[in-house]
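The values are calculated or read from the model by the stated rules, or taken from the named source; none is laboratory data. None of the values given here were measured: they were computed from a predicted structure. Just the protein is used for accessible areas: all its heavy atoms, side chains included, with ligands, DNA and RNA removed. Shrake-Rupley method; radii C 1.70, N 1.55, O 1.52, S 1.80 Å.
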Amino acid sequence: MGDQQDAAGQVPSRALADLTVFDHDPFAVLPTELASVRADLTMVGSEVFFSLHGN
């Protein structure tokens, strides 16, 4: 389990990644507050698809 735990959350160099960065942890908010969690960044295939800050 050590190797698997060490690799959690990592994307190897040159690997494609789909990910979203939120302004709050969606698992930490109350269900009634989930709609207020905002996406700050979305990447598809390692390309920026959406950026709240336009970078």
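A few points about this structure:
- Close amide H contacts of Val29 (hydrogens built in the peptide plane, cut-off under 5 Å, sequence separation of 5 or more or a different chain): none are found.
- Dimensions of the chain along the principal axes, based on C-alpha atoms and rounded to the nearest Å, stand at 36, 31, 13, largest first.
- Amide H to amide H distances under 5 Å link Asp40 with Val21, Phe22, Asp23, where only residues 5 or more positions off or on other chains count and H is placed in the peptide plane.
- Figure note: Ser36, Ser51 ranked by solvent-accessible area, largest first, 1.4 Å probe, ligands and nucleic acids not counted: Ser36, Ser51.
- Per-residue SASA remark: Asp18, around 120 Å² accessible (1.4 Å probe; ligands, DNA and RNA not included).
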